[in-house]
Amino acid sequence: MKIIAHRGASGYAPENTLSAFALAVKMGSKSFEFDVHLTRDKKLVVHHDYDLKRTAGNPAKISALDYAELKKINVGNKFGFPVERVPLLEEVLQLISHQAEWINFEVKNDGNVYPGIEAALLELVRSRPGLAGISLISSFDYGTLKRLRVLDNKIKLGYLGRHLRNLLLVPAIINARRIGAASFHIALRIAFGLNVALIHKAGLKVFVYTVNKKKDALRMQKIGVDGIFSNYPDILQK
């Protein structure tokens, strides 16, 4: 079972920052997950929310800022970090690539708010030798996944369904298979043995988010999930 550093070691450092990824590397992580956005001047950056209100107390939207403006904003207040910036995707890859064996790029693109983000991300992935082979691109936006599949019929895709309940799993699995997804990502609250078996039977790997307690991680391991997203890369060593 993969232990995936969720937004880096975000239980110990400000999420999706270079400090969080550097710490995950130091802790021995080989699997990483982060969120991808596009600035006004078409720079791929790593941040979870569409705006900076939660991480910086600033309501500005990433789509409305050039990167030169974005990098002036401090997103390091959590955990008492003095200064942290929203990193370029390229910076994150440079930091983790020597150790990474598996990388999940989650594209934030609800309603196609970032036209062209799919092509830009694929171009970057293809430009780095060996990166495509260890990459998985996921999104909650089904249109984004469909566009990715049209642009690249080989890249691994991960299906993220919104507000999934047990009864909605079957139609969601059908949607995942329609775009040739390699994996199906579910919330911990519906990660039970029968659901995992159902998804596996459809030929999809199962990744569970967000698992931050050791007892839950051990339960996921027991029911055979393929990986867990955790803010604590050392969760099984605690």
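FYI, it's all coordinate maths here, none of it is from the lab. Everything numeric here is computed off the predicted structure, so don't read it as measured data. Positions of Cβ are backbone-derived with ideal geometry, glycine not excepted, and every protein chain shown enters the neighbour counts.
How large is the helix-only mean residue ellipticity at 222 nm for the chain, computed as the sum of -39500 (n - 2.57) over DSSP H runs with n ≥ 4, divided by its residue count, in deg cm²/dmol to the nearest 500? Let's see the in-between values first.
Working: 9 runs with 75 residues, N = 238.
Using -39500 (n - 2.57) per qualifying helix, the result is -8500 deg cm²/dmol.
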Using the charge dipole of the chain (Lys, Arg: +1 at Cβ; Asp, Glu: -1 at Cβ; taken about the Cα centre), state which of ALA56, ALA9, SER230 has its Cα farthest towards the positive end.
-> SER230
Identify, among VAL45, LEU95, ILE134, the residue whose Cα sits farthest towards the positive end of the charge dipole of the chain, taking +1 on the Cβ of Lys and Arg and -1 on the Cβ of Asp and Glu, with the dipole about the Cα centre.
-> ILE134
Might you report the magnitude of the Cβ-based charge dipole of the chain about its Cα centre, with Lys and Arg at +1 and Asp and Glu at -1, to the nearest 20 debye?
-> 740 debye
In whole angstrom, how far apart do the alpha carbon centroids of segment 165-210 and segment 38-102 sit?
-> 30 Å
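Would you mind checking LYS42/LYS215; LYS205/LYS238; LYS156/LYS222; LYS78/LYS238 for any pair whose Cα atoms are more than 32 angstrom apart? Don't skip to the answer; put the middle values down first.
On the way: LYS42/LYS215 42 Å; LYS205/LYS238 26 Å; LYS156/LYS222 26 Å; LYS78/LYS238 22 Å.
Correct reply: LYS42/LYS215.
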Provide the percentage of antiparallel DSSP beta bridges, counting only those with both residues in the chain; round to the nearest 5.
-> 15 percent
Given pairs LYS72/LYS108; LYS2/LYS108; LYS26/LYS214; LYS2/LYS72; LYS108/LYS213 and cut-off 31 Å on Cα-Cα distance, the over-length ones are LYS2/LYS72
Let a ≥ b ≥ c be the square roots of the eigenvalues of the Cα gyration tensor of segment 58-149; is it rounded (a/c under 1.5), or, if not, prolate (a/b larger than b/c) or oblate?
-> oblate
